[in-house]
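Note sheet for the following structure.
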Amino acid sequence: MVKVGPHWDVLRAPAGIGERALGLLGDASGAVIADYGLMYWLIPSGHAQGWQRLRTGIHALGAQGAEVTYVGVPPAHWRGGPRLHWRVPVVPDRYLTDPGRLREALVRAIAAESAEGATAR
């Protein structure tokens, strides 16, 4: 477990939305941790505080006041799930994700999911 805030904040999303967003981000995505149906993007420290809610299940986690948050971080070689693993591994040029690009990808992923849900009805 690693404390969120000193080195990076985290954006947590359900895997269904997360996979869509990851596809939209492509090479613009930084490292992503996956664990039992959730995905965690590492974003620059301090950006979680300004994150506006997109929908239920998507949360920005950061160092906010006295609240302390921890995230499980797998060893570098854990690359398969469903348990804690790297969905997109940490490498020197792929570490943090730009919060603006991530937000845009999540908004588009949510819209696509909503459109599919409406079509299925």
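The values are calculated or read from the model by the stated rules, or taken from the named source; none is laboratory data. If you're wondering where the values come from, they're calculated on a predicted model, not measured in any experiment. Because the Cβ atoms are built from the backbone with ideal geometry, glycine has one as well, and the counts that use them run over all protein chains shown.
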Could you list, in sequence order, all residues of segment 79-94 that are surrounded by fewer than 15 Cβ atoms within 10 Å (Cβ to Cβ) and either within 16 Å of Ile33 (Cβ to Cβ) or touching a His at 6+ places or on another chain (Cβ under 7 Å) (or both)?
-> Arg79, Gly80, Pro82, Arg83, Val91
Please tell me if Val68 is among the aliphatic types (A, V, I, L, M) and modelled with pLDDT of 95 or more.
-> no
Only residues in segment 79-90 that are under 14 Å from Leu22 (Cβ atoms) count as the first member; pair them with residues that are small (Gly, Ala, Ser) and in a loop (DSSP other than H, G, I, E, B), Cβ under 8 angstrom, at least 6 apart or cross-chain, and list the lot.
-> Trp86/Ala31; Trp86/Ala76; Arg87/Gly81; Val88/Ser29; Val88/Gly30; Val88/Ala31; Pro89/Ala31; Pro89/Ala76
Qualifying residue in segment 97-105 (condition: hydrophobic (A, V, I, L, M, F, W, C), closer than 25 Å to Met1 by Cβ, part of a helix (DSSP H, G or I) and in contact with a Leu (Cβ under 9 Å, 6 or more places away or on another chain)) = yes
Restricting segment 65-78 to residues that are within 16 Å of the chain's Cα centre (by Cα) and surrounded by fewer than 15 Cβ atoms within 10 Å (Cβ to Cβ), the one farthest from Lys3 (Cα to Cα) turns out to be Gly72
